Amino acid sequence: MANIDGWFREAIQFNSEGSAAQALERCRKILKKVPKHPGALALAGVLSMDRGDAKEAIQYLQKAVKIHPGDGSVHLVLARAFRSTGDHAGARKALEQATGRGQSGARLFFEQGLLAMEEGQVSDSIRLLGKAVTLTPTSPEFAFELGVAKGIALDFPGCVQAFERAAALRPGHALSEDQALFFTLYDETLSLAEVRARHDKWGSEQMARLQNLSPIVHTNRPDPERPLRVGLISGDFRQHAVTYFLQPLLTHPNPDVFELTCYANVEKPDAVTEVQRSLVPRWRDIVYDTDAQVAQRIREDGIDILIDLSGHSTGNRLRVMALRPAPVQATWLGHPSTTGLPTVDYRLTDRELDPPGTERFYRERHAYIEGGFCAYEPPPDSVAPEVGPLPAVANGHVTFGSVMNPRKINERVIGLWSRVLTQVPGSQLKLLRSTFRRGEMREKFLEAFEAHGVDRSRVEITGDDNSGWDDVLGFYNTVDLSMDTFRYNGHTTTCEALWMGVPVVALSGEAYIGRVGQALYAMLDLPEMVAESEDAFVSLAVGLANDTSRLSALRAGMRDRMRASRLLDAEGFTAAFADSLRRMWREWCAEKASRPG
């Protein structure tokens, strides 16, 4: 037993020092000799959970609580493990056992709050997580999860506040900082100027953390006309909305002008990752590399222009951009706002998205792509069903439909959509999103429409967590007309609707975030689908709903219109993209030539 006791002390010591792998190895060594050692079982369970192996954790923890059932803290970890595997009944039972064995306080409220969140009981989740934060106000973990819950509840001011609190409690924690900024995009209590100010503040703080680093000297040859080495850095080289707009660039290389290198911060690669990997000359997996290591690799690769594709969305590596590993840096596609970093020189956009005068919303300069800011790769014929006949003909009424992210469907959107429904008697609204169906959120949306005079019987909520691409595309064959959200427009969802022949009524906004619909319709030469005011939006939607002949014609011809448009012209887009890169590079070369020495 002396050896066993010594090994257990070593396991505890390793764990306290952050050497989790060695601590787990000691626990396993003990359990080979003493399979029912309660301390080793409990610690092994905790360590297995920390490394993301919930199934292994459950095996250890169930044995631990059977041998020593009085330790309520172990039941709490077991509840977390069950919840991670989707076994809500097991988690609930473990929490009840933890409570019955004297466990109380912040951690119990926290675990109960997370379970309530996953079961769709958002109000209970916020109440329980709020208790945890009140009892332990210094916990960044508790504050962060409260932010998640408030985001699900569409309380964006509260959500942003909670994420900001988590970030303040854990300075430098990327996910907390990024979520605090990303959710400002949904918070309509903040103007776009205020959203920029929040991003700029983060960018300045980020640069202050790096002020003691030596400045980077770029040795890239300042030849304004030579072929360029261009790096794309993102966490979204996988099945993701960005894919449909990135793929045209990857599949139509222009090696005489630029060569691509992808820096992939992808924790779980998929089939799309492998396809993209095969399309570029150089691919770098960076998910386990530090920011400094990634920056060094980019410098060694001789990248001339580095382009971020994620912004502040999950999986980004903006902190690499802060180190300025490339002489010219830009952002594109992933974030409809500024990065906030002074080291990001440009944002790739177009004049419809960001007309002159919108510069005030960004720290970066506009780099216009002539003809349109993106190209779209539609779903393959093997996935996309044929466009069906207009449903209104068979149904005898118009069906509006949306697959928009619920975060974008704010009170103003519901109010405007309700005005349209009210003015089109007998019309229905179908919403396809699993989030709508979860617990009280379904009721929240139905009540919101009722408050605007739309009976809940006219709103159908469908879809589940297993809804795939074919479900979404098939959904549009049950829909006559769609309406965009604002101030945060759809992008992928709009393109998918159009590909299935369903027009999307758009409302013109201030800048990129609210002008995507306008930019897409400019490429399709359909400016009449964009309203300049809320009243005009209602008139446009009602007019289309009452003109089934026009809806049928739009539906039948939309795919051919898209195929013939700039939106699907991958080669034309790649050439325009290259021209924009060349202009950026020439500016850098000119600036370098003008510097003394």
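The values are calculated or read from the model by the stated rules, or taken from the named source; none is laboratory data. Remember, predicted model here, so these are calculated numbers, not experimental data. Note that each Cβ is placed from the backbone with ideal geometry, even for glycine, and that neighbours are counted across all protein chains shown.
Observations
- Residue tally, condition in a loop (DSSP other than H, G, I, E, B) and hydrophobic (A, V, I, L, M, F, W, C), over segment 314-370: 8
- Residue that is surrounded by the fewest Cβ atoms within 10 Å (Cβ to Cβ) [pool: residues in segment 179-207 that are among the hydroxyl-bearing types (Ser, Thr, Tyr) and out of contact with any Ser or Thr (no Cβ under 9 Å at 6 or more places or on another chain)]: Thr189
- Residues (of a type in the set (D, E, K, R) and either assigned to a loop (DSSP other than H, G, I, E, B) or in contact (Cβ under 8 Å) with a residue 24 or more places away in the chain (or both)) located in segment 248-276: Asp256, Glu259, Glu267, Lys268, Asp270
- Residue check for Gly86: among the small types (Gly, Ala, Ser), modelled with pLDDT of 90 or more and surrounded by 24 or more Cβ atoms within 10 Å (Cβ to Cβ): no
- Near pairs, Cβ below 7 angstrom, 6+ apart or cross-chain, from segment 108-131 (in the same structural domain as Ala91 (by TED's automatic domain parsing) and at negative phi) to any residue that is among the polar types (S, T, N, Q) and at pLDDT below 95: Leu108/Thr99
- Within segment 578-597, residues that are at negative phi reach partners that are polar (S, T, N, Q) with beta carbons closer than 8 Å, at six or more positions or on different chains, in the pairs Ala578/Asn254.
- Residue count for segment 266-313, restricted to those that are in contact with a Leu (Cβ under 8 Å, 6 or more places away or on another chain) and loosely packed, with under 15 Cβ neighbours inside 10 Å: 3
- Among the residues here, Asp304 qualifies as under 27 Å from Arg226 (Cα atoms) and not assigned by TED's automatic domain parsing to the domain that holds Glu460.
- Counting the residues of segment 116-127 that are surrounded by fewer than 21 Cβ atoms within 10 Å (Cβ to Cβ) and among the hydroxyl-bearing types (Ser, Thr, Tyr) gives 1.
- Matching residues, segment 559-582, being more than 26 Å from Asp381 (Cβ to Cβ) and of a type in the set (S, T, N, Q): Ser580
- With respect to the conditions (1) touching a helix residue (DSSP H, G or I) at 6+ places or on another chain (Cβ under 9 Å); (2) modelled with pLDDT of 95 or more, Arg282 lacks only one, and its number is (1).
- All of Glu411, Glu450 fail the test of being in the same structural domain as Met523 (by TED's automatic domain parsing), free of Cβ contacts under 8 Å to residues at least 24 places away in the same chain and charged (D, E, K, R), apart from Glu450.
- The requirement of being out of contact with any Leu (no Cβ under 9 Å at 6 or more places or on another chain), of a type in the set (A, V, I, L, M) and either farther than 18 Å from Arg83 by Cβ or buried (at least 18 other Cβ atoms within 10 Å of the Cβ) (or both) is satisfied by Ile4.
- Count - residues of segment 10-32 that are modelled with pLDDT of 90 or more and not hydrophobic (A, V, I, L, M, F, W, C): 8
- Among the residues making up segment 10-36, a single one is loosely packed, with under 11 Cβ neighbours inside 10 Å, in a helix (DSSP H, G or I) and of a type in the set (D, E, K, R): Lys32.
- Answer from Pro224, Pro248 - the residue that is closer than 28 Å to Glu359 by Cα and either at pLDDT 95 or above or not assigned by TED's automatic domain parsing to the domain that holds Arg282 (or both): Pro224
- Residue ID - surrounded by the most Cβ atoms within 10 Å (Cβ to Cβ), chosen from residues in segment 128-166 that are of a type outside the set (A, V, I, L, M, F, W, C) and not in a helix (DSSP H, G or I): Ser139
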